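Before any comments, here is the structure.
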Amino acid sequence: MLSVKPIPALNDNYIWLLRQDTTDAVAVVDPGDAAPVIDWLEREQLRLESILITHHHHDHTGGLRELIERYAPQVYGPENPRIEGIGQHLGEGDECRILGRRFEVSSVPGHTLDHIAFYAPGTPGLLFAGDTLFSAGCGRLFEGSPEQMRHSLAKFDALPDDTLVFPAHEYTLANLAFASAAEPDNAARDAYRQECEQARRLERPTLPTTLGRERQINPFLRLDQPALRQTLSEQGPSASAAEAFATLRGWKDRF
């Protein structure tokens, strides 16, 4: 069985560690810092077999060189010369096998143009979304356009409700504060916010989330909701889905 654990890193990053319970081999996703990964591997006497990279930002790749030099893992990531050390470049429609599990790769530009996501089908499926999809939010648009991000999120929205989503940052409470302004009357979101506040008081992660939950509480996946569109109409153009998404993302940037 493939288990997934968060390794807290930097300010608010999670480096996700994947492990098959029957072996000492593990994989990590987006190691922005090598030190906490090395600490975990040495403490648990585990062997780093693979690294998955979703995009080029330093808080996702900063530990890559040291981990490669120390453990010589196979590294999978996007086609981008700015990322040194990737052994297998992946893009839309590609697949790879990590710890015996098949992962499908999607190109999901928006946050960056090189951003990819890794999805392992199953019950439940596992989605490593990087900085594209957060709980109750989505990534800031550093390189891509609102329309690119909208189409990227639509790829995720086609996956099953029970899909476990592993974003790379602990942004949930801040995102829920914005979601409350964007769609004030949402009981499911309010209940989830209470759960997340309790988790953070106990210093526990709010992640992973599920796609079924995100469809209930994440405004960037709820643009078909009349109440949300009414709120957006007070912020800017929102007649079309493309306009509504761009207005919502711009509002979040200013929030």
Determine by what factor the alpha-carbon radius of gyration of region 201-246 differs from 2.2 N^0.38 Å, reporting the quotient. 1.47
Using the alpha-carbon centroid of each, what span in Å lies between region 1-37 and region 93-168? 17
If the chain between Glu44 and Thr23 were fully stretched, how many nm would it gain, using 0.36 nm times the residue separation less the Cα-Cα distance? 6.4 nm
Asp224 and Phe142 label points (each 7 Å along its Cα→Cβ direction) are spaced in nm at 3.2
Can you pull the percent of Cα pairs in region 156-211 with separation above 12 Å? 69
Counting pairs of alpha carbon atoms under 8 Å apart in space and at least six apart in sequence, what relative contact order in percent does region 150-225 give? 47
Value at 222 nm in deg cm²/dmol, rounded to 500, when DSSP H runs of n ≥ 4 in the chain each add -39,500 (n - 2.57): -10500 deg cm²/dmol
Where the only charges are on Cβ atoms (+1 Lys, Arg; -1 Asp, Glu), what is the dipole of region 175-255 about its Cα centre, to the nearest 20 debye? 220
Answer rounded, prolate or oblate for region 12-56, using the Cα gyration tensor with square roots of eigenvalues a ≥ b ≥ c: rounded when a/c is under 1.5, else prolate when a/b is larger than b/c, else oblate. oblate
Per the Cα gyration tensor, region 92-171 corresponds to an equivalent ellipsoid with semi-axes, largest first in Å, of 20, 14, 11
Per 0.36 nm of contour for each residue apart, how much would the distance between Ala181 and Glu95 grow if the chain were fully extended, relative to their Cα-Cα spacing? 27.0 nm
Spin-label pair Ala242/Glu197, simplified geometry with 7 Å Cα→Cβ offset, distance in nm: 4.0
Given Asn186, Gly144, Tyr71, which one lies farthest toward the positive end of the charge dipole of the chain, if we put +1 on the Cβ of every Lys and Arg and -1 on the Cβ of every Asp and Glu? Asn186
Using only the alpha carbon atoms of region 120-255, find the Kirkwood hydrodynamic radius as the inverse mean reciprocal pair distance, in angstroms to one decimal. 15.0
What Kirkwood radius, in Å to one decimal, follows from the Cα pairs of the chain? 18.6
A 1.4 Å probe over the protein heavy atoms gives the chain a carbon and sulfur accessible-area percentage of 47
On average, how much accessible surface per residue is there in region 1-101, in Å², for a 1.4 Å probe, leaving out ligands, DNA and RNA? 48
What size of dipole, in debye to the nearest 20, comes out for region 90-230 about its Cα centre when the only charges are +1 on Lys and Arg C-beta atoms and -1 on Asp and Glu C-beta atoms? 260
Percent RCO, i.e. relative contact order, over the chain, from Cα pairs under 8 Å lying at least 6 residues apart: 13
Label-point separation in nm, Glu79 to Asp157, each point 7 Å along Cα→Cβ: 2.8
Report, in debye and to the nearest 20, how large the dipole of region 125-206 comes out about its Cα centre when Lys and Arg carry +1 and Asp and Glu carry -1 on their Cβ. 160
Explain nothing, just compute: Karplus ³J(HN,Hα) = 6.51 cos²θ - 1.76 cosθ + 1.60, θ = phi - 60°, for every residue of region 130-140 in order, whole Hz, x for Gly and Pro. x, 10, 8, 10, 10, 5, 6, x, 9, x, 5
Going toward the positive end of the dipole of the chain, with +1 on Lys and Arg Cβ and -1 on Asp and Glu Cβ, which of Leu126, Ala199, Ala154 do you reach last? Ala199
Let me have the relative contact order for region 121-255, percent, based on Cα pairs under 8 Å that are six or more residues apart. 29
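The values are calculated or read from the model by the stated rules, or taken from the named source; none is laboratory data. Source: prediction; values computed, not measured. Please note: Cβ atoms are built from the backbone with ideal geometry, for glycine as well, and neighbour counts cover all protein chains shown. For accessibility, only protein heavy atoms count, side chains too; no ligands or nucleic acids. Shrake-Rupley method; radii C 1.70, N 1.55, O 1.52, S 1.80 Å.
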